[in-house]
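Everything below concerns the one structure shown next.
We did not get these values from a lab; they are worked out from the coordinates using the rules stated. None of the values given here were measured: they were computed from a predicted structure. No Cβ is skipped: glycine too gets one built from the backbone with ideal geometry, and neighbour counts run over all protein chains shown.
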């Protein structure tokens, strides 16, 4: 799975964006070490990779669909990730319109078509928000 993700989706399917060389290095390490932690590092790195991946997953684009499924499968089922579960409160920044906000209720589950990163450090989430707001000005 690692090889197919790197060869097809990463090296052929991704558009150019700042930091793409770092993403390619992360996936090379993931392939060499058979370690999905490098996929998480790619996703949480300071590049647009997370935006591209989430958009591709949400759109359900048919090209490289299997490779994106492999990413999802590795993150859900790889035994190396079994040792890092987290149960507790975390912080996340998101933009949401009032109609979608109404769907968020206590004791209710929501399904999304993207990965969501969060932090147990509220200050880190606030820093991300400040950076996002300054980039939109």
- If one compares the long axis through the Cα atoms of helix 65-77 with the longest principal axis of the Cα atoms of the chain, the angle in degrees, nearest 10, works out at 70
- If each of residue 44 and residue 122 carries a label point 7 Å out from its Cα toward its Cβ, how far apart are those two points in nm? 2.0
- Message: Please arrange 49, 27 by how many other C-beta atoms lie within 10 Å of their C-beta, fewest to most.
- Response: 49, 27
- Only Cα pairs under 8 Å and at least 6 apart count here; give the relative contact order of the chain as a rounded whole percent. 23
- Task: Once you have the Cα-Cα distance between residue 55 and residue 129, take 0.36 nm times their residue separation minus that, and quote the gain in nm to one decimal.
- Result: 24.7 nm
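If I stretch the segment between residue 136 and residue 75 completely, what's the gain in nm (0.36 nm per residue apart, minus their alpha carbon distance), one decimal?
Numbers: separation 61, 0.36 × 61 = 21.96 nm, distance 3.11 nm.
Separation in residues times 0.36 nm, less the Cα-Cα distance, equals 18.9 nm.
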- Item | Tilt relative to the chain, helix 20-33 - C-alpha long axis, 0 to 90 degrees, to 10 | 60
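Pulled fully out, how much extra length does the chain show between residue 111 and residue 92, if you take 0.36 nm times their separation in residues and subtract their Cα-Cα distance?
Answer, rounded to one decimal: 5.3 nm.
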- Message: For the range 33-131, place one equal point scatterer on every Cα, skip the solvent, and apply the Debye formula. What is log10 of I(q)/I(0) at q = 0.21, 0.22 Å⁻¹?
- Response: -1.45, -1.50
- Query: Going by the alpha-carbon gyration tensor, a ≥ b ≥ c the square roots of its eigenvalues, is the range 2-81 rounded (a/c under 1.5) or, if a/c is not under 1.5, prolate (a/b greater than b/c) versus oblate?
  - Reply: rounded
- Please report 84, 20 as a ranked list, fewest other C-beta atoms within 10 angstrom at the top and most at the bottom. 84, 20
- Item | Cα long-axis angle, helix 122-135 against the chain (0 to 90 degrees, to the nearest 10) | 80
- Separation between Cα centres of the range 118-135 and the range 45-86, rounded to whole Å: 22
- Note on the structure: Output ordering of 102-109, 1-8 (per-residue mean of other Cβ within 10 Å, highest first) is 1-8, 102-109
